[in-house]
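This report refers to the structure that appears directly beneath it.
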Amino acid sequence: MIPFSLKVVFFKIWQFLLKWSSKLLTFRTPELFSGPGSSLVLCEHIAKTGVTNLLIVTDAMLVKLGLLNPMQEKLKSLGVSITVYDGVLPNPTIEQIETGLTMLKSSGCTAILAIGGGSSIDAAKVIAARAKNPYQIVHMAGLLRVLFKPLALYAVPTTAGTGSEVTIAAVVSDPSTTRKFAIMAPCLVPLAAALDGALMTGLPASITAATGMDALTHAVEAYISRNRTDMTDREALDATRLIMQNLAEAVRNGSNVEARQNMALASFKAGVAFTTAGVGYVHAIAHNLGAYYHVPHGLANAIVLPRVLDFSKPDCVDRLAQLAEVSALKKGSESNAQLAAAFIAKVRAMNAEFGIPTQVEKLKETDIAAITDKALSEAHMFYAVPRYMGKAECQTFIRQMLPLAA
């Protein structure tokens, strides 16, 4: 058996090669429209590109709430015919995406507008890719496996969390294998996006909190990644600062458009950061909690984040201290170790304030070994984590999240 110390050397070499190969890729950002009402400006932009038949990919709740109505009316007034696919659920599945693809083809749509949270945008990305690529979704899993340019794609996020409107990734669930996998290719980034904080004012406090902690996780994992750059550091620090200044207010007072707009910008910046720097163990474990138990991604990230930071702290004290400083936690002459501890304590305090649990109620002891294997495989293949976790450590770590005995 290969000693874990030698495996870590291999992981670091592999991540070093990925980092330098990524410099050959161009991670573009979408043309951005920002501010209250910007979603309608994006509709005008779509019409100006010559689109006349558009598929909207969203979820049934947003349709029921009438959130799409102003955009639909605007598009119709501009001569754009609309077909709405509202079958996306949290942790979108292969079946949901294939259903959307069938609707796209039967209606003759030539472009896609994703409206919703990360699940709707991720599903739209894969529908757009499937429309132009001759192979199944599972064959696109991994890095750079989308061969041909996807159908024209636009996005309007209605939550401030995933940053999917700017990332190269789309996450898909396959219930038949209890697997959740990412498709990663620069061509999946939407052509244009609108950050319209006014659309988010009706979001429930619980979803605002979970998605906000999702954005924080993106920023933090990007900032402590070994694949970070000067650019990702700037974006991650800006995102962290904005989240610390605005998330609690957005949760308490959902009608505060300024706080909503700042959170939308924070989510976008965090997305820019982790698109290049990557994420880490929080995401690797959270993805599998979603695959096994359908735990919403932002909620899973929030539960896992402080525990992973505790584990990673010995190898990223200075980085965590810098995150504490932009979070306004430095009060005097605290050491970096004290500031790092203060930042982790702040994350825990935010979870407690927002009513985010510390345990995963559906987690089963019998699933821990399989979750561990899948999480470590994902992390060690794709993420340049600051400190590497062995199988026994990871199992112990996940076991801490078992539901507490009554």
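In this structure, is ALA155 within 23 Å of ALA210 (Cα to Cα), part of a loop (DSSP other than H, G, I, E, B) and of a type outside the set (Val, Ile, Thr)? In short, no. Just give me the residues in segment 369-388 being touching a Leu at 6+ places or on another chain (Cβ under 8 Å) and over 19 Å from ALA302 (Cα atoms), in sequence order. PHE382, ALA384, listed by residue number. When ASN351 is tested against the conditions (1) touching a Lys or Arg at 6+ places or on another chain (Cβ under 9 Å); (2) surrounded by 17 or more Cβ atoms within 10 Å (Cβ to Cβ), the lone failure is (1). For segment 161-172, the set of residues classified as open to solvent by less than 10 Å² (accessible area, probe 1.4 Å) and in contact (Cβ under 8 Å) with a residue 60 or more places away in the chain consists of GLY161, GLY163, SER164, GLU165, VAL166, THR167, VAL172, listed by residue number. Is one or more of the residues making up segment 331-339 at pLDDT below 95 and open to solvent by 60 Å² or more (accessible area, probe 1.4 Å)? Yes; the residues of segment 331-339 include at least one that is at pLDDT below 95 and open to solvent by 60 Å² or more (accessible area, probe 1.4 Å).
For every residue, the table says whether it meets (1) modelled with pLDDT under 95; (2) among the hydroxyl-bearing types (Ser, Thr, Tyr); (3) not in a loop (DSSP other than H, G, I, E, B).
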| residue | (1), (2), (3) |
| --- | --- |
| LYS180 | yes, no, yes |
| PRO190 | no, no, no |
| ALA193 | no, no, yes |
| LEU199 | no, no, yes |
| LEU203 | yes, no, no |
| LEU216 | no, no, yes |
| ALA219 | no, no, yes |
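The residue list LEU191, LEU242 contains one member that is over 16 Å from ARG319 (Cβ atoms), open to solvent by 10 Å² or more (accessible area, probe 1.4 Å) and touching a Lys or Arg at 6+ places or on another chain (Cβ under 8 Å), which is LEU242.
Residues are listed down the side, and each one gets a yes or a no for (1) touching a helix residue (DSSP H, G or I) at 6+ places or on another chain (Cβ under 8 Å); (2) at pLDDT 90 or above; (3) surrounded by 15 or more Cβ atoms within 10 Å (Cβ to Cβ):
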| residue | (1), (2), (3) |
| --- | --- |
| SER5 | no, no, no |
| LEU17 | no, no, no |
| PHE27 | yes, no, no |
| SER38 | no, yes, yes |
| THR58 | yes, yes, yes |
| VAL63 | no, yes, yes |
| GLU95 | no, yes, no |
| THR99 | no, yes, yes |
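Residue-wise test of (1) farther than 26 Å from GLU393 by Cα; (2) open to solvent by 40 Å² or more (accessible area, probe 1.4 Å); (3) hydroxyl-bearing (Ser, Thr, Tyr); (4) over 20 Å from the mean Cα position of the chain (by Cα).
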{"site": "ASN253", "(1), (2), (3), (4)": "yes, yes, no, yes"}
{"site": "LEU265", "(1), (2), (3), (4)": "yes, yes, no, no"}
{"site": "VAL272", "(1), (2), (3), (4)": "yes, no, no, no"}
{"site": "TYR281", "(1), (2), (3), (4)": "no, no, yes, no"}
{"site": "PRO314", "(1), (2), (3), (4)": "no, yes, no, yes"}
{"site": "LEU323", "(1), (2), (3), (4)": "no, no, no, no"}
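Among residues of segment 358-397 being open to solvent by 30 Å² or more (accessible area, probe 1.4 Å) and in a loop (DSSP other than H, G, I, E, B), the one that is nearest to PHE274 (Cα to Cα) is ARG387.
Being part of a helix (DSSP H, G or I), touching a Leu at 6+ places or on another chain (Cβ under 9 Å) and either among the hydroxyl-bearing types (Ser, Thr, Tyr) or touching a residue at least 60 places away in the same chain (Cβ under 8 Å) (or both) is the filter here, so list the residues in segment 55-82 that pass it. Result: LEU62, MET71.
All conditions but one from (1) assigned to a helix (DSSP H, G or I); (2) of a type outside the set (Val, Ile, Thr); (3) in contact with a Ser or Thr (Cβ under 6 Å, 6 or more places away or on another chain) apply to LEU289; the one that does not is (3). Screening GLU165 with (1) among the charged types (D, E, K, R); (2) out of contact with any strand residue (DSSP E or B) (no Cβ under 7 Å at 6 or more places or on another chain); (3) part of a loop (DSSP other than H, G, I, E, B) gives one miss only, at (2).
Regarding ASP318, is this residue part of a helix (DSSP H, G or I), within 27 Å of THR208 (Cα to Cα) and of a type in the set (Asp, Glu)? Judged against the criteria, ASP318 is not a match. If you go through segment 109-135 and keep only what is in a loop (DSSP other than H, G, I, E, B) and closer than 20 Å to LEU191 by Cα, you end up with CYS109, THR110, GLY117, ASN133.
The values are calculated or read from the model by the stated rules, or taken from the named source; none is laboratory data. Fair warning: this is a prediction, and the values are worked out from it, not measured in the lab. Counting neighbours? That spans all protein chains shown, and the Cβs are built from the backbone with ideal geometry, glycine included. SASA here: full protein model, heavy atoms, side chains in, ligands and nucleic acids out. Shrake-Rupley method; radii C 1.70, N 1.55, O 1.52, S 1.80 Å.
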